[in-house]
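The block underneath contains the structure these notes are about, expressed in structure tokens.
The values are calculated or read from the model by the stated rules, or taken from the named source; none is laboratory data. If you're wondering where the values come from, they're calculated on a predicted model, not measured in any experiment. Here the Cβ positions follow ideal geometry from the backbone for every residue, glycine too, while neighbour counts run over all protein chains shown.
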Amino acid sequence: MKLLTVFVVMGMGLALVATWKMSGNESINAGSLSERDATSGFIAVPMPDGVSDKGVVIFAPANCPSDAAQRAEALAQRLRDRGIRYMRASSAEYSDLGSREEVERVTALMNGPIPVVYVNGKAKANPRPEEVEAEYLVAGRG
């Protein structure tokens, strides 16, 4: 059942990308990002269904030998070592994206390299562990 959910979410993501690319928009409007967002790489995006906008959430495949999953595990280990609480998830669902801009931001994020990491309501694809830690500290420790 979880595998089916992952495939459904991936299919939705691919459909969104196809629609997005047909519209001629191939990048997120950088002018809509705050200066700190543009420099840290973490952007404000809607949270996946059922996920709090407080704290750290790491989205990556579970029990997978891929490089991406190993990066997620290394990130989780660093956060544990630093005493930073986090949650891990292997899929994300968005049932209420209210605007085209939200769809574009979520699509760009989820089609980036994994892990995708949310820190207090902002997210980045494949951030370095020190970036996650810095964002966590700057954002007020969830």
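Scanning the stretch 38-93 for residues that are more than 19 Å from T107 (Cα to Cα) and β-branched (V, I, T) returns T39, V56, I84. Considering only residues that are of a type in the set (S, T, N, Q), in contact (Cβ under 8 Å) with a residue 60 or more places away in the chain and under 18 Å from P61 (Cα atoms), which ones fall in the stretch 108-142? Matches in the stretch 108-142: N111 only.
Of the residues making up the stretch 39-56, those that are exposed (fewer than 13 other Cβ atoms within 10 Å of the Cβ) and on the phi < 0 side of the Ramachandran plot are T39, D49, S52.
Restricting attention to the stretch 70-97, the residues that are free of Cβ contacts under 8 Å to residues at least 24 places away in the same chain and under 22 Å from P46 (Cα atoms) add up to 0. Scanning the stretch 98-116 for residues that are modelled with pLDDT of 90 or more and among the charged types (D, E, K, R), which turns out farthest from A68 (Cα to Cα)? Out of the qualifying residues, it is R100.
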